[in-house]
Amino acid sequence: MPGKSMEALVLLGPDEYEFREVPVPEIGPAEVLCRVGAVAICGTDLGIMSGKFFPMWPPEWPFIIGHEWAGTVEAVGAGITDFKPGDRVAGSSAVGCGHCRNCMKGRYNLCLNYGNMEAGHRQYGMTAQGAYAEFINANARSIAVLPDDIDLPTASLLDTAGIALHITKQGNVEAGDTVVVIGPGAVGSITYQCARALGAGRVIVAGRGSRLEKAKALGFETVDVNSRDVMEYVREETGGIGPDVVLECAGTAQTIVQAVEMIKKGGRVVVGGISQEKGEFPLHRFVLDEIEVVGSRAAPNCLPEVLALTRSGALRLAELVTHKFPLSEFTTAIKTFRERIDGALKVVVEP
């Protein structure tokens, strides 16, 4: 059993953090205390650290972030029978209150009690204390036991993979569809794999740099936005019709508008990237071409599914982990991720 204190990376305010000794979190009913073995840095972490999302994420300072993690069970709370000390597990960031209408329908990513800790909602590393620490207490509904053939750094990507899978499922991808994925970053690099896994006949990945090269190395059709007009390329490659589905993972106003412009008549666009910019949409297309544009948030009920897809080889997550650092070198790790040093894609921190 752990002692009474642990080391954690604590945010003190925008762009200010330090390593501190803090109390090991207590576990309540339906919770599990886990020793964190790996945390993957997420693009959202950068926004949280800068104060961009305050006071939504985090609701207060000081705060421990980190929401893509894997580790080992240390202790279980009352009522837990599915997990035991020694189990290797992966965590998903969100757990709903469990009793609002959306949660009852399985849409706990849209919990009507979002952010209300007293009601039972948690989003680890965002509204509840996260995983850049030696230990985390997590609701049992937010974790899954790992098989022996998946290591902890790879498992820390399962939450990202769940987000990618949910984006793809929101696209209603059907067998043989032509799918365009815009933005082959941390989420996009798994989204294009999910599109193929769900039956897409053709997947075109639009992006640039080392991240686009990774998509090409994994066997996907690519178009470099620095050397070719994406709209022109897609139009030519689809006979002027456009793709059946566009999965937007870049999160800029430009790419969201681009997705709406390129989709075929009757097609579906999924916006998975968070943008705070304003864009001018070709609104006539919504009516005259009956296109659908939907959002995608978090990874509801996706952890078991991406775990199965990873074990089957449909998702090649281990190849996306480009860098690993101990928690004590977090400053170097976050710089490597932010500046994409040495082709950084997924950077994993190991407490």
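Before moving on, here are some points about what is shown:
- Index of the failed condition, Arg316 passing every other in (1) out of contact with any helix residue (DSSP H, G or I) (no Cβ under 8 Å at 6 or more places or on another chain); (2) surrounded by 14 or more Cβ atoms within 10 Å (Cβ to Cβ); (3) of a type in the set (Lys, Arg): (1)
- Boolean, Cys97 is hydrophobic (A, V, I, L, M, F, W, C), part of a loop (DSSP other than H, G, I, E, B) and either out of contact with any strand residue (DSSP E or B) (no Cβ under 9 Å at 6 or more places or on another chain) or closer than 25 Å to Gly272 by Cβ (or both): yes
- Filter result for Ala90 (part of a strand (DSSP E or B), of a type outside the set (S, T, N, Q) and buried (at least 22 other Cβ atoms within 10 Å of the Cβ)): yes
Table: residues versus (1) at pLDDT 95 or above; (2) charged (D, E, K, R); (3) over 22 Å from Pro147 (Cα atoms); (4) touching a Gly at 6+ places or on another chain (Cβ under 7 Å).
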| site | (1), (2), (3), (4) |
| --- | --- |
| Leu309 | yes, no, no, no |
| Ala314 | yes, no, no, no |
| Phe325 | yes, no, yes, no |
| Arg338 | yes, yes, yes, no |
| Ile341 | yes, no, yes, no |
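- Criterion (in a strand (DSSP E or B), surrounded by 15 or more Cβ atoms within 10 Å (Cβ to Cβ) and within 16 Å of the chain's Cα centre (by Cα)) met by exactly one of Val203, Val181, Val223: Val181
- Subset of the stretch 262-280 that is surrounded by 15 or more Cβ atoms within 10 Å (Cβ to Cβ) and not aliphatic (A, V, I, L, M) - its residue that is farthest from Thr44 (Cα to Cα): Lys264
- The requirement of being more than 30 Å from Gly272 (Cβ to Cβ), β-branched (Val, Ile, Thr) and not in a loop (DSSP other than H, G, I, E, B) is fulfilled nowhere in the stretch 23-32; no residue meets it.
- Every pair of residues 6+ apart whose Cβ atoms lie under 6 Å, when the first sits in the stretch 332-351 and is closer than 19 Å to Gly209 by Cβ and touching a residue at least 12 places away in the same chain (Cβ under 8 Å) while the second is of a type outside the set (A, V, I, L, M) and surrounded by 24 or more Cβ atoms within 10 Å (Cβ to Cβ): Ala344/Phe337; Val347/Phe337
- Of all the residues in the stretch 54-74, those that are farther than 21 Å from Pro153 by Cβ and either among the charged types (D, E, K, R) or in contact (Cβ under 8 Å) with a residue 24 or more places away in the chain (or both) number 9.
- Scanning the stretch 274-294 for residues that are in contact with a strand residue (DSSP E or B) (Cβ under 9 Å, 6 or more places away or on another chain) and touching a residue at least 60 places away in the same chain (Cβ under 8 Å) gives a single hit, Val294.
- The stretch 277-295 - residue that is within 21 Å of Ile167 (Cβ to Cβ) and aliphatic (A, V, I, L, M) and, of those, nearest to the chain's Cα centre (by Cα): Val294
- In the set (1) closer than 25 Å to Gly66 by Cβ; (2) hydroxyl-bearing (Ser, Thr, Tyr); (3) in the same structural domain as Glu221 (by TED's automatic domain parsing), Ser142 fails one condition alone, (3).
- For first residues located in the stretch 115-131 and under 16 Å from Met49 (Cβ atoms), partners that are surrounded by fewer than 16 Cβ atoms within 10 Å (Cβ to Cβ) and not β-branched (Val, Ile, Thr) and lie 6+ apart or on another chain with Cβ distances below 7 Å form the pairs Thr127/Pro59.
- Among the residues of the stretch 47-82, none is identified as among the acidic types (Asp, Glu), touching a Ser or Thr at 6+ places or on another chain (Cβ under 9 Å) and not in a loop (DSSP other than H, G, I, E, B).
- Candidate set: the stretch 134-178, residues that are outside any strand (DSSP E or B), of a type in the set (A, V, I, L, M, F, W, C) and more than 15 Å from the chain's Cα centre (by Cα); chosen: the one surrounded by the most Cβ atoms within 10 Å (Cβ to Cβ): Val173
The values are calculated or read from the model by the stated rules, or taken from the named source; none is laboratory data. For clarity, every value in this text was computed on a predicted model and none was experimentally measured. Cβ sites come from the backbone with ideal geometry, for glycine too, and all protein chains shown count toward neighbours.
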